[in-house]
Amino acid sequence: MLGQMMHRDLSIIEILKFAAENHSVSEVVSLRTEGDVHRYTYSDCLVRVSKLANAILNLGVKKGDRVATLAWNGYRHLELYYAISGVGAVCHTINPRLSAEQMLYILEHAGDSILFVDTTFVPIIEKLASKLPKNLVIIVMASSESMSNFSDEYLSYETLITESSQKIIWPELPENTAAGLCYTSGTTGNPKGALYSHRSTVLHALTISLNMGLFLGNGMKVLPVVPLFHVNAWGLPYAAPLTGTSLIFPGPNLDGASLFNLMDHENVNSAWGVPTVWLGLLEEIRNQGKAPSQFQNVVIGGSAAPKSMIEEFEGLGITVCHAWGMTEMSPVGTQGFLPQPMTKLLSSDEQILKKCNQGRRVFGVDLKIVDEKGSSLPHDGEASGELYVRGNAIISGYYKNEQSTEESFDKEGWFGTGDIASITSDGFLNIQDRAKDLIKSGGEWISSIDIENVVMGHPKVANCAVIAVSHPKWEERPLLVVVSNGNIRVTKQEIDDLLLGHIAKWQLPDAIEFLDALPLTATGKVSKLTLREMFANYKLT
Ligand code: AMP
């Protein structure tokens, strides 16, 4: 027997319409590429989104067409998110840090008809000009006055908006209509596309608002350092308007001092991003001897949050939420706010140890770990295996890529994350490594994350990474690569002394190498792929 309830398709534009009505004074504040601060309300945002949607339709965009963006976190990019999906087209966010080759591959593979580009990235496009798809319309996200700096062939974003009507009847779209497209990066081979739907996006936004909403809500202010050009800034462009949280966008200024100033000036309560950006912010906090005034919560994800980082934030009274997810998962899979009994019963040291885990699943995500034969392993905190997931906001296949699709799902339809993990009986996920980053020494596994986590706590270490290098007897051994904090280099003995309380002797890194900076992926994570290439011929003595 079926329930007797109306079926209303879930639709992304409804989030902004709701915010414009219910949270009309909550703001979107953006540090612009123009150099100034722009601010307006969700109601203002909806007006411009309606005009932009008409402009996009006037350019001939049809349902299902892919429309690309190459832009920083700012109000215009937010407008594109809503206008493009609102008319039934697909908002394809491109990561500007990709190589020219990858960018061309993605544009071609997605079949984009229009590219919206921030002024900063116009030089990238000019370099690629001769190789770009023939009929690609390029729109610079700037006013008509600034267009004199660019080719006559490019259109002005602001002119399009000015010349378009505000009146729009948003099309009713089946909720499975594609809404967003994001390619994974940082792996070998060609990038693979995750194609989000209206349904998955709205459900993900609701999930975040519920499960990660401790510091979201009317009157709160959130700063996504995580980019709109990668995995929907972890869902904040949707969850923030839904909850009435003001969005504070940093534009291109992601160094510690700029983030500090913006957060302090705009009274940001919560900031979300990868560990690398927090290293910069923490340095600025140390320099200033204080945290941004209203800073209450930091969400750390994308790669493992080191214990020392969690400790430092918590010591400042800033609640850490350590989250885990993937492009293929929209992206949030688990979140690490501790529930009340734990915040009451556990000592602060115990709470920090709990927060070194990647937290517990959000609603709508199921987790399982499996052994090499694909059999499920117990959630006992001991057994570890490859992590598989299923849920409402997880891909069912890669966009136009049958081979990767076939390789990535098990017989029951679960998606293989490529992460190795254990799960406790009360649901805490512990990511030990990417399968390909684990170090196999004499048939036993060594987790690079475990070592990094401890080494990051050494005062002479600013940043570090552990990679496998080949060894004639043991097959692979760990090499520790360190960026020094100051002029005095940490010694092997000091590292061993620090690590020995945490890992077995045979797991100690065999050697340390020093770099001025660690190579980063297009999404701001440490690129182990590049490090492995750099040290491919490394000889352990
Ligand atoms: P991406 O699709 O680029 O966001 O990368 C997803 C991958 O990043 C995951 O499969 C993990 O390997 C890694 N990752 C994300 N969050 C965390 C975390 N909190 N701890 C450890 N690894 C993480």
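What residues from region 14-56 fall in the zone where the backbone N is under 19 Å from a label point 7 Å along the Cα-to-C-beta line of residue 124?
31-35
Subtracting the Cα-Cα distance from 0.36 nm times the residue separation, let me have the gained length for residue 296 to residue 176 in nm, one decimal.
Extra length from residue 296 to residue 176 when fully extended: 39.5 nm.
Full-extension gain between residue 131 and residue 506, please, as 0.36 nm times their residue separation minus the C-alpha to C-alpha distance.
Stretched fully, the residue 131-residue 506 segment lengthens by 129.9 nm.
Could you look at region 137-238 and say what percent of its accessible area is carbon and sulfur, using a 1.4 Å probe and all protein chains?
Whole-percent figure for carbon plus sulfur exposure: 52.
Taking the Cβ-Cβ separation of residue 440 and residue 402 as r and a Förster radius of 22 Å, what is the calculated FRET efficiency to the nearest 0.05?
Taking R0 as 22 Å, the efficiency between residue 440 and residue 402 is 0.10.
Would you grab the residues whose amide H sits under 5 Å from the one on residue 27? Only those 5+ places off in sequence or on another chain, please, with H modelled 1.01 Å from N.
The answer is 246, 247.
For the chain, take the longest principal axis of its alpha carbons; what is the angle in degrees between that and the long axis of helix 42-58, to the nearest 10 within 0 to 90?
70 degrees
Stick to Cα atoms and the Kirkwood definition of Rh, then tell me Rg/Rh for the chain.
On the Cα set of the chain, Rg over Rh gives 0.96.
What is the spin-label model distance, in nm, from residue 494 to residue 163 if the labels are put 7 Å beyond Cα along the C-beta direction?
Computed distance between label sites residue 494 and residue 163 equals 6.3 nm.
Taking square-rooted eigenvalues a ≥ b ≥ c of the alpha carbon gyration tensor, is region 438-534 rounded, prolate or oblate, where a/c under 1.5 means rounded and, failing that, a/b exceeding b/c means prolate?
oblate
Roughly how many debye, to the nearest 20, is the charge dipole of the chain about its Cα centre, given +1 on each Lys and Arg Cβ, -1 on each Asp and Glu Cβ, and no other charges?
My answer is approximately 340 debye.
From the phi angles alone, apply the Karplus equation (6.51, -1.76, 1.60; θ = phi - 60°) to region 27-41 and give each ³J(HN,Hα) in whole Hz, x where the residue is Gly or Pro.
These are the phi-based 3J(HN,Hα) values: 10, 10, 10, 10, 7, 8, 4, 5, x, 9, 9, 10, 9, 7, 9 Hz.
Taking the Cα centre of region 253-435 as origin, work out the dipole magnitude from +1 charges on Lys and Arg Cβ and -1 charges on Asp and Glu Cβ, in debye rounded to 20.
The dipole of region 253-435 has a size of about 400 debye.
Which pairs break 26 Å Cα to Cα here: 127/192; 221/528; 221/436; 373/440; 192/525?
Check vs 26 Å cut-off fails for 221/528; 221/436.
Which net charge results for the neighbourhood of residue 476, defined as the other residues with beta-carbon distances under 12 angstrom from its beta-carbon, given Lys and Arg at +1 and Asp and Glu at -1?
With Lys, Arg at +1 and Asp, Glu at -1, the net is +1.
Per residue Cα convex hull volume for region 13-195, in cubic angstrom?
Cα convex hull per residue, to the nearest whole number: 123 Å³.
Semi-axes of the equivalent ellipsoid of region 253-435: what are they in whole Å, largest first, if each equals the square root of 5 times a C-alpha gyration tensor eigenvalue?
The equivalent ellipsoid of region 253-435 has semi-axes of 33, 20, 13 Å.
Given H placed on each backbone N at 1.01 Å, which residues far from residue 272 in sequence or on other chains put an amide H within less than 5 Å of it?
223, 225, 226, 299
Across region 377-388, in residue order, what do the Karplus-derived ³J(HN,Hα) couplings come to in whole Hz, using 6.51 cos²θ - 1.76 cosθ + 1.60 with θ = phi - 60° and x for Gly and Pro?
9, x, 8, 10, x, 10, 5, 10, x, 6, 8, 10
Using only Cα atoms, tell me the angle between helix 75-86 and the longest principal axis of the chain; keep it within 0 to 90° and round to the nearest 10.
Orientation of helix 75-86: about 70 degrees from the principal axis.
By per-residue mean of other Cβ atoms within 10 Å, what is the highest-first order of 191-204, 347-360, 247-260?
Final packing ranking: 191-204, 247-260, 347-360.
Can you tell me which of 169-178, 330-339, 378-387 comes out highest on packing, and rank the rest after it, using the mean Cβ neighbours within 10 Å?
Those peptides, ordered most packed to least, come out 330-339, 378-387, 169-178.
With label points built 7 Å along Cα→Cβ from the Cα atoms of residue 363 and residue 517, find their separation and express it in nm.
4.2 nm
Report the net charge of residues surrounding residue 100, where surrounding means a beta-carbon distance below 11 angstrom and charges are Lys +1, Arg +1, Asp -1, Glu -1.
Residues near residue 100 contribute +1 overall.
Using only Cα atoms, find the angle between the long axis of helix 198-211 and the longest principal axis of the chain, and express it within 0 to 90 degrees, rounded to the nearest 10.
Relative to the chain, helix 198-211 is tipped by roughly 50 degrees.
What is the ratio of the Cα radius of gyration of region 133-237 to 2.2 N^0.38 Å, with N the residue count, to two decimals?
Output field value: 1.40.
Once Lys and Arg get +1 and Asp and Glu get -1 on their Cβ, which of 87, 347, 233 lies farthest toward the positive end of the dipole of the chain?
Going by the charge dipole, the pick is 87.
Region 227-289 to region 376-429: how many Å between their Cα centroids?
Taking the Cα centre of region 376-429 as reference, the centre of region 227-289 is 30 Å away.
Under a point spin-label approximation (7 Å from Cα along Cα-to-Cβ), what is the residue 36-residue 342 distance to one decimal in nm?
Reported label-point gap for residue 36 and residue 342 is 4.6 nm.
Just the accessible area per residue of the chain, please: how many Å² with a 1.4 Å probe?
Each residue of the chain exposes 43 Å² on average to a 1.4 Å probe.
What dipole magnitude, in Debye to the nearest 20, does region 13-195 give about its Cα centre under +1 on Lys/Arg Cβ and -1 on Asp/Glu Cβ?
The dipole magnitude comes to about 360 debye.
Output ³J(HN,Hα) for region 156-163: one whole-Hz value per residue in order, computed from phi by the Karplus curve 6.51 cos²θ - 1.76 cosθ + 1.60 with θ = phi - 60°, and x for Gly and Pro.
Running phi through 6.51 cos²θ - 1.76 cosθ + 1.60 with θ = phi - 60° gives 9, 4, 5, 5, 4, 5, 4, 7 Hz.
Work from the charge dipole of region 13-195 (Cβ charges, +1 for Lys and Arg, -1 for Asp and Glu, about the Cα centre) and give the residue of 23, 135, 169 farthest towards its positive end.
Of 23, 135, 169, it is 135.
The values are calculated or read from the model by the stated rules, or taken from the named source; none is laboratory data. All of these numbers come straight from a predicted model, not from anything done at the bench. Positions of Cβ are generated from backbone atoms using ideal geometry, with glycine treated the same way; all protein chains shown enter the neighbour counts. Note: areas computed on protein heavy atoms with side chains; ligands, DNA, RNA excluded. Shrake-Rupley method; radii C 1.70, N 1.55, O 1.52, S 1.80 Å.
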